[in-house]
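Everything on this sheet refers to the single structure shown next.
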Amino acid sequence: MDNPQSQQLEVKPAVLDYDDIRKMIPFFDGKEKLCRWCMKLLAMDKVNKIHADNCHTPGVPFVQGLLKDLDITIKIKNEQILDNLPEGGFITVSNHPFGALDGIMLIKIIGERRPDFKVMVNMFLNHISAMRPNFIDVDALASDNPAKRAVSMKGIAEALRHVKEGSPIGFFPAGAVSKFKWTWGVRIQDRAWQPTIMRIIQKLNVPIIPIYFHGHNSPWFTFLGMVDWRLRTLRLPAEVFRRKGDTFRVSIGDPIMPDVYGAYDTPESLGVFLKDKTYSMKKW
């Protein structure tokens, strides 16, 4: 089994620099000083520095160094499950309350035990080049752009092949960070889990480990998401550094075998079942 950390890849020290941003947002073309001011305001300069400090060790070692530099501690409930992971291919499904830190923590939690672990992420996070050994990128917005659709189709094919060859993969089936919901007793929760991911899970037919990340981003982040998802995305770096020195709680569920979840024959019913299973661990 190939170790993804041994694969050759091009790692750029900066996550996003001026050239990247002006291509993404043409408004900044020719306005380098304004762009750099905005990057500092959004803590992108801090993201670039911490990435550059750790990018010489891509993959799981990069994630370990990143969390160490952020002085982040992870407390795990039912950690014994991680010491008895299924052999060969399996799947993790998780809620997505943080939009970045949960993916980073997930790679550390599973990747330390299985370095061949990969997580399906949106194309924006693929800019974190030092984490690409553990990423499979797709277009989470299901864009009609042919180029982005091609990336998604390639990502889905890679995910299927990865697990069938005996390696584990992680999904955040909501496809986007958790949002505010007007539901009694629940304020911030994932949207419905995507049928596309559920179809992939049905095809793979391997054990599933539910993982619940406790907590959520700041009220300001949530408010920006209600205004425009792009504003919320730009806020993500600041949310990461806001949690410097914090302790995060993560709950691990018992593996769910194919003969159990196979009873849910539609992607929609499977999504509800797996989401409920994951959120059943919200009480620490």
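The values are calculated or read from the model by the stated rules, or taken from the named source; none is laboratory data. From a predicted model like this one, the values you see are computed outputs, not experimental measurements. No Cβ is skipped: glycine too gets one built from the backbone with ideal geometry, and neighbour counts run over all protein chains shown. Heavy atoms of the whole protein, side chains included, go into the accessibility calculation; ligands, DNA and RNA do not. Shrake-Rupley method; radii C 1.70, N 1.55, O 1.52, S 1.80 Å.
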Discussion item. Among the residues of segment 194-210, what is the count of those that are part of a helix (DSSP H, G or I) and either in contact with a Leu (Cβ under 6 Å, 6 or more places away or on another chain) or surrounded by fewer than 19 Cβ atoms within 10 Å (Cβ to Cβ) (or both)?
Written reply: 6
Worksheet item: Before we move on, is residue 282 touching a residue at least 24 places away in the same chain (Cβ under 8 Å) and open to solvent by less than 50 Å² (accessible area, probe 1.4 Å)?
Response: no
Worksheet item: Is it true that residue 225 is at pLDDT 90 or above and not acidic (Asp, Glu)?
Response: no
Discussion item. Filter segment 39-74 down to the residues that are over 19 Å from the mean Cα position of the chain (by Cα) and of a type in the set (Val, Ile, Thr) and list them by number.
Written reply: 57
Item to complete: Taking residue 17 as the residue in question, decide whether it is free of Cβ contacts under 8 Å to residues at least 24 places away in the same chain and either touching a Pro at 6+ places or on another chain (Cβ under 9 Å) or among the acidic types (Asp, Glu) (or both).
Response: no
Worksheet entry | Considering residues of segment 56-68 that are among the aliphatic types (A, V, I, L, M) and open to solvent by less than 10 Å² (accessible area, probe 1.4 Å) only, the residue nearest to residue 246 (Cα to Cα) | 67
Fill in: Residues satisfying the stated conditions in segment 234-262, i.e. open to solvent by 80 Å² or more (accessible area, probe 1.4 Å) and free of Cβ contacts under 8 Å to residues at least 40 places away in the same chain
242, 259
Practice prompt. Output the residue which, of all residues in segment 114-149 that are over 19 Å from residue 201 (Cβ atoms), at pLDDT 75 or above and of a type in the set (Lys, Arg), is most open to solvent (accessible area, probe 1.4 Å).
Written response: 149
Worksheet item: With respect to the numbered conditions (1) over 26 Å from residue 270 (Cα atoms); (2) open to solvent by less than 10 Å² (accessible area, probe 1.4 Å), which one is the sole condition not fulfilled by residue 75?
Response: (2)
Worksheet item: Looking at segment 38-55, which of its residues are open to solvent by less than 40 Å² (accessible area, probe 1.4 Å), outside any loop (DSSP other than H, G, I, E, B), among the aliphatic types (A, V, I, L, M) and closer than 20 Å to residue 22 by Cβ?
Response: 39, 44, 47
